[in-house]
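A short reminder: the numbers here are calculations on the coordinates, not readings from a lab. Worth saying up front: this structure is predicted, and the values here are computed from it rather than measured. Reconstructed Cβ throughout: ideal geometry from the backbone, glycine too, with neighbour counts over all protein chains shown.
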Amino acid sequence: MTKNHPFHQRKIRIQEVPEQDFAQLKARTINALNKLGQQKFSSEPGGNALENWVRAVNFLLDEFEDKAGGTRLTLEYKTRRQELNDYLSRPASTTSIDAEISELKANMSDIEVRIEAERDSMISRISELKADQARLLAELERERKRVEGAMAEQQTDSYFVRLFGRKKNSARKPENRIDDIESKLAILPNEILDQQKQLKTLDLRSPESPFCEEWKRLDSMRSNMKELETEKLERIQLVKERAELTGPIADAISRAQ
């Protein structure tokens, strides 16, 4: 669970307590072990909390052993202490949880990529429609000017015919694309508005969203992800094991004479 913890590195030898004080020493140590077994850690990730906890347990037991003296340390106590040391020296296994988290992340990424692809497609379509609208407006302006110029030229020709009694080329009505352009322009605002409405529904969890079911799946997977991450953190921090680890040692100390 932790690395290279100094389980038995004592620098100062504490004088053994007298017989009459041993009962108080046991009571204090058992009480402290019970508190350590129930200690709550921060929900933030990281190993400092557990390392501090291990350090506190080892300091407490080292102090108990020094004050109690070697003759009072029973075989049961030594066995339990060794079991604690062995357990804490092994890394916490989170392989199965990591595999579940990895699979969840992959599935979530697939859905998010598809939603983003659709979002990009809608945004691109709106941009194209607006570009078409701007192009047609510019074309309409040019066509109107061209038609106005052609009509002005016809009026000039007509004036010369009346003035000189000479007929030039037969007057021909200028070709007019204005109606066609205006017809195309008329449908674009509704198309743009429709695409914008669809874009807004993309992030909704309601039936009008084309990704309603995908969003529900994402929400469910995100909830599962939080649960798995909490479970992983609890496993790393020995949330369930701490009381189980300190309890047997406290029992062994209570039976020491």
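Let's test the formula: R0 of 45 Å, r as the Cβ-Cβ distance of A256 and E231. What FRET efficiency results, to the nearest 0.05?
According to the calculation, E is roughly 0.75.
What FRET efficiency comes out for D180 versus K130 if R0 is 25 angstrom and r is the Cβ-Cβ distance? Round to the nearest 0.05.
0.80
Write out the trypsin sites (Lys or Arg not before Pro) in segment 205-257 meeting two conditions: DSSP loop, and at most 15 other Cβ atoms within 10 Å of their Cβ.
Filter output for segment 205-257: R205, K240, R255.
Of K40/K67; K40/K105; K145/K200; K184/K216, which ones are farther than 32 Å apart at the Cα?
K145/K200; K184/K216
May I ask you to work out the translational diffusion coefficient for segment 23-101 at 25 °C, viscosity 0.890 mPa s, via Stokes-Einstein with Rh from the Kirkwood sum over Cα pairs, reported in whole µm²/s?
Roughly 167 µm²/s, to the nearest whole number.
Using r as the Cβ-Cβ distance of R217 and V239, and R0 as 35 Å, what FRET efficiency do you calculate, to the nearest 0.05?
Once rounded, the FRET efficiency stands at 0.75.
Using θ = phi - 60° and the Karplus form 6.51 cos²θ - 1.76 cosθ + 1.60, what ³J(HN,Hα) does each residue of segment 135-145 get, whole Hz, x for Gly and Pro?
Each residue of segment 135-145 in turn: 5, 5, 4, 5, 5, 4, 5, 5, 5, 4, 5 Hz.
Expressed in whole Å with the largest first, what are the equivalent ellipsoid semi-axes of segment 184-257 derived from the C-alpha gyration tensor as the square root of 5 times each eigenvalue?
Equivalent-ellipsoid dimensions as semi-axes: 61, 8, 6 Å.
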